[in-house]
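Structure first, commentary second.
The values are calculated or read from the model by the stated rules, or taken from the named source; none is laboratory data. Quick caveat, the model's predicted, so the values are computed rather than measured. Cβ sites come from the backbone with ideal geometry, for glycine too, and all protein chains shown count toward neighbours.
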Amino acid sequence: MDYRLRRQRLLRQLGEKGILIVPTATEQVRSRDVYFPFRPDSDFLYLTGFGEPEAMLVLLPGRAEGQEILFCRERDPERETWDGRRLGVDAARDFCGVDQCFDIRQVDELLPGLLENREILVYPMGRSMDFDERVLRWRRQAQARSRQGIRYPVELVDLGHLLHEQRLYKDPQEQERLRAAVGLSAAGHRHGMRQCRPGLHEYALQAEIEYVFARQGARSVAYPSIVGSGSNGCILHYTENLAEMQDGDLVLVDAGAELDGYCGDITRTYPVNGIFSPAQRDIYELVLASQLAAIEAVQVGRSVNDYHEAAVGVLVEGLRDLGILQESREEILERQLYRSFYMHRTGHWLGMDVHDVGHYRGQDGQWRLLEEGMVLTVEPGLYFAPDNPATPDRYRGIGIRIEDDILVSKQGPQILSEGAPKSIGEIEELMALGGVFQ
Ligand code: GLY
Ligand code: MN
Ligand code: MN
């Protein structure tokens, strides 16, 4: 990864009057003295590749002693015996290729001085109230010296405003990492399909899928896996995963691995017993047709809303054909009557974060146009919740979503998640093979 190039782009954008501060994430207590596994902040990781906690990047265009400073933990044999190895400032400087590296314990002492004579201060605003306060304290300290003729930042800018456009376009190395993360996610889904059977609990199916992720090097899931059987599939972010899966039900699995900082995000829905019932087929074929139409609309030059509209168009036709909605197509679209069964949008950007950064509309308020190197999900669904009075009896409790990860390319949509089967024929065939480890 060309971290240096990424920082250089930011330095150019910043100009001589700017200073940019990017902290990594803060370690979070899970309970008492146990912490959640540490995950670096994506912006910080994108700019440094540095994975340790307690670190901060500072960019200062035109500074004679060096434009790029990293703060990180100094070596400490005692702490390293307990908590693990640290690179230390010298090795971290070389690892990240920055100009200077200081002990993170010096940051409060050094930052006010670094702010002097900088007018524009860029940092991740509002992400952590503690960090906001800290930045404003440094700024106040710089301001206190203004009577001595020193200038201090008067313009505060959110980091995302400068950086997130860059992150939205995935370079070839990032595309490779995404391919790997999504490919591994697909392998997990394939394995899950083969293990699935009535009597297995949702958490056991989750474990089978996440086993494949972990076995191949993913240190985390990209988000908590959703394994919802029966009407649990109608709860969009169901993560309890506690129920025993029943013969005759579907199971909706939304699971993705995070590999080397990049996320997979795949949903497949399949019958617990391996064979779709006629009612399940009706809805599955409709969601699949809508998903295929949406993927076809993921083309360079088309808007990010086009593929949502393509999905909705097919769903609306199908809901009318099945007699679930009786109104005219125009009225259904106008009054968004489909939202009773399809209440979310058809996708989002994907990258280092599962709901990745980048605007969906331009400054003119128009939906932005797709360009090469963007990566997004396409994930239409239909959810017939049992307690929704509009749900027909035949489809009560059916929840289906099909989600793929797509690289926008001049050659047409590239489906990174094609390793996970999604036609009824392919799914039934794979499930019939049964639970052998692939
Ligand atoms: N897994 C979250 C989503 O599909 O957006
Ligand atoms: Mn998903
Ligand atoms: Mn998604």
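For (1) touching an Asp or Glu at 6+ places or on another chain (Cβ under 9 Å); (2) farther than 30 Å from D41 by Cα; (3) within 16 Å of ligand 2 (Cβ to nearest atom), each residue gets a yes or a no:
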residue	(1), (2), (3)
T239	no, no, yes
L242	yes, yes, no
Q246	no, yes, no
Y262	yes, no, yes
D265	yes, no, yes
N273	yes, yes, no
R281	no, yes, no
L292	no, yes, no
G313	no, yes, no
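Of the residues E109, E65, the single one that is in a helix (DSSP H, G or I) and either surrounded by fewer than 20 Cβ atoms within 10 Å (Cβ to Cβ) or out of contact with any Pro (no Cβ under 6 Å at 6 or more places or on another chain) (or both) is E109.
Could you tell me how many of the residues in region 229-244 are surrounded by fewer than 24 Cβ atoms within 10 Å (Cβ to Cβ) and either more than 12 Å from ligand 1 (Cβ to nearest atom) or among the polar types (S, T, N, Q) (or both)? Of the residues in that region, 10 qualify. Taking region 391-414 as the range and being more than 16 Å from ligand 1 (Cβ to nearest atom) and among the small types (G, A, S) as the test, the residues that pass are G397, S409, G412. Residue selection: E74 fails the criterion of being out of contact with any Asp or Glu (no Cβ under 8 Å at 6 or more places or on another chain), among the charged types (D, E, K, R) and either within 22 Å of E133 (Cα to Cα) or in contact (Cβ under 8 Å) with a residue 12 or more places away in the chain (or both).
Checking F102, F95 one by one, the residue that is in a strand (DSSP E or B) and of a type in the set (F, W, Y) is F102 and no other.
Taking region 199-228 on its own, how many of its residues are farther than 18 Å from S185 by Cα and surrounded by 15 or more Cβ atoms within 10 Å (Cβ to Cβ)?
Count: 2.
Residues in region 335-348 that are touching a Leu at 6+ places or on another chain (Cβ under 7 Å) and more than 13 Å from ligand 2 (Cβ to nearest atom): L337, Y338, F341, Y342.
Within region 300-341, how many residues are small (G, A, S), in contact with a strand residue (DSSP E or B) (Cβ under 6 Å, 6 or more places away or on another chain) and over 22 Å from V375 (Cβ atoms)? Of the residues in that region, 0 qualify.
Just to be sure, is L236 on the phi < 0 side of the Ramachandran plot, in a strand (DSSP E or B), within 21 Å of the chain's Cα centre (by Cα) and in contact (Cβ under 8 Å) with a residue 12 or more places away in the chain? Quick ask: steps written out before the conclusion?
Details: on the phi < 0 side of the Ramachandran plot: yes; in a strand (DSSP E or B): no; within 21 Å of the chain's Cα centre (by Cα): yes; in contact (Cβ under 8 Å) with a residue 12 or more places away in the chain: yes.
Spelling it out, it is not the case that L236 is on the phi < 0 side of the Ramachandran plot, in a strand (DSSP E or B), within 21 Å of the chain's Cα centre (by Cα) and in contact (Cβ under 8 Å) with a residue 12 or more places away in the chain.
If you go through region 277-309 and keep only what is surrounded by 20 or more Cβ atoms within 10 Å (Cβ to Cβ) and either under 24 Å from Q206 (Cβ atoms) or of a type in the set (D, E, K, R) (or both), you end up with Q280, I283, Y284, V287, Q291.
Whenever a residue of region 140-163 is farther than 22 Å from M129 by Cβ, its partners that are surrounded by 18 or more Cβ atoms within 10 Å (Cβ to Cβ) and hydroxyl-bearing (S, T, Y), lying with C-beta atoms within less than 8 angstrom and at least six residues away or across chains, give the pairs R145/Y152; S146/Y152.
Within region 246-275, the set of residues being surrounded by fewer than 21 Cβ atoms within 10 Å (Cβ to Cβ) and closer than 20 Å to I209 by Cβ comprises Q246, D260, N273, G274.
Rundown of residues vs (1) in contact with a Phe, Trp or Tyr (Cβ under 7 Å, 6 or more places away or on another chain); (2) away from ligand 3 (no atom under 16 Å from the Cβ); (3) part of a helix (DSSP H, G or I), yes/no style:
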| site | (1), (2), (3) |
| --- | --- |
| V287 | no, no, yes |
| L292 | no, yes, yes |
| Y307 | no, no, yes |
| R320 | no, yes, yes |
| G323 | no, yes, no |
| R345 | no, no, no |
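For region 163-174, the condition holds for no residue, the condition being that it is within 16 Å of ligand 2 (Cβ to nearest atom) and within 23 Å of the chain's Cα centre (by Cα). Each residue in region 240-261 was checked for being within 14 Å of ligand 3 (Cβ to nearest atom) and not small (G, A, S), and 4 pass.
Scan M193, M129, M125 and give me the residue that is within 27 Å of the chain's Cα centre (by Cα) and without any contact (Cβ under 8 Å) to a residue 24 or more places away in the chain.
Working: M193 fails: without any contact (Cβ under 8 Å) to a residue 24 or more places away in the chain; M125 fails: without any contact (Cβ under 8 Å) to a residue 24 or more places away in the chain.
Just one listed residue meets the conditions, M129.
Just one of the listed residues (D356, D282) is of a type in the set (D, E, K, R), in contact (Cβ under 8 Å) with a residue 12 or more places away in the chain and within 20 Å of G399 (Cβ to Cβ), and it is D282. Restricting to region 353-374, name every residue that is more than 13 Å from Y169 (Cβ to Cβ), within 19 Å of the chain's Cα centre (by Cα) and assigned to a loop (DSSP other than H, G, I, E, B). Residues satisfying the conditions are D353, V354, H355, Y360. Restricting to region 378-423, and then to whatever is part of a strand (DSSP E or B) and among the aliphatic types (A, V, I, L, M), can you tell me which residue is farthest from D249 (Cα to Cα)? Only one residue tops the list, namely L407. Looking across region 129-158, the residues that are under 16 Å from L57 (Cα atoms) and either crowded, with 18+ Cβ neighbours inside 10 Å or modelled with pLDDT under 95 (or both) come down to V135, W138.
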